[in-house]
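For reference, the structure is listed below as structure tokens.
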């Protein structure tokens, strides 16, 4: 589903990705690990089509994420470590996601409720600005949207950084209920949190894949 071939990405003289080769297939649930500066974020942004590679390429279900960006992103959900500075209200954001990505607003509300975030029409949060929400509330809503989208590739970059322990438990419970027939990719420093979900551990350092192990 994701194929990275001979991928090199430089920023000036700095080599962020150094001739990377890796595949992520259906039913791979991956912990992508490594120190800061190892190349994890650059790899994720290359998969999402944010960066032009210096050499090599990325294919998502056979499509180039740069040339076929709209089609590729239809099949990907991405939750960043730092929520984007969205100025829309929750109601406006849900409407935008519904129209642009075909996501059922009732499913977003359902998963938000499962994360203990009330965004029902009678709740007090629905008209709040996303930008004004707490970090935890933003993360819960983005997770709810990612699950409601029913993508076959979900990428989480440190998704529990702003969540309290109970919300983390809710998050992993929901993932276990929705883990069939997809690629689930975690960028994480907390292997102990995801070890009950992942079946593959990839470690990066200095722009290279250092290890790629299947977890039984």
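A few notes on this one:
- Extension gain, residue 104 back to residue 52 (0.36 nm per residue minus Cα-Cα distance, nm): 15.5 nm
- Euclidean distance between Cα centres, segment 158-206 to segment 10-42, Å: 17
- Seen from a random direction on average, the alpha-carbon convex hull of segment 121-170 projects onto 4.3 square nanometres.
- Remark: spin-label model distance residue 11-residue 212 equals 2.4 nm, labels positioned 7 Å along the Cα→Cβ axis.
- Extension reserve of the residue 166-residue 181 stretch, reckoned as 0.36 nm per residue once the Cα distance is removed: 2.7 nm
- Helix 105-114 vs. the chain, principal-axis angle (Cα, 0 to 90°, nearest 10): 90
- Available extension along the chain between residue 69 and residue 152 is 28.3 nm, counting 0.36 nm per residue and deducting the alpha carbon span.
Read-outs throughout are calculated quantities, based only on the coordinates presented, and are distinct from any laboratory measurement. Note that this is a predicted model, so its numbers are computed, not measured. Don't worry about glycine lacking a Cβ; one is built from the backbone with ideal geometry, like all the others, and counts go over all protein chains shown.
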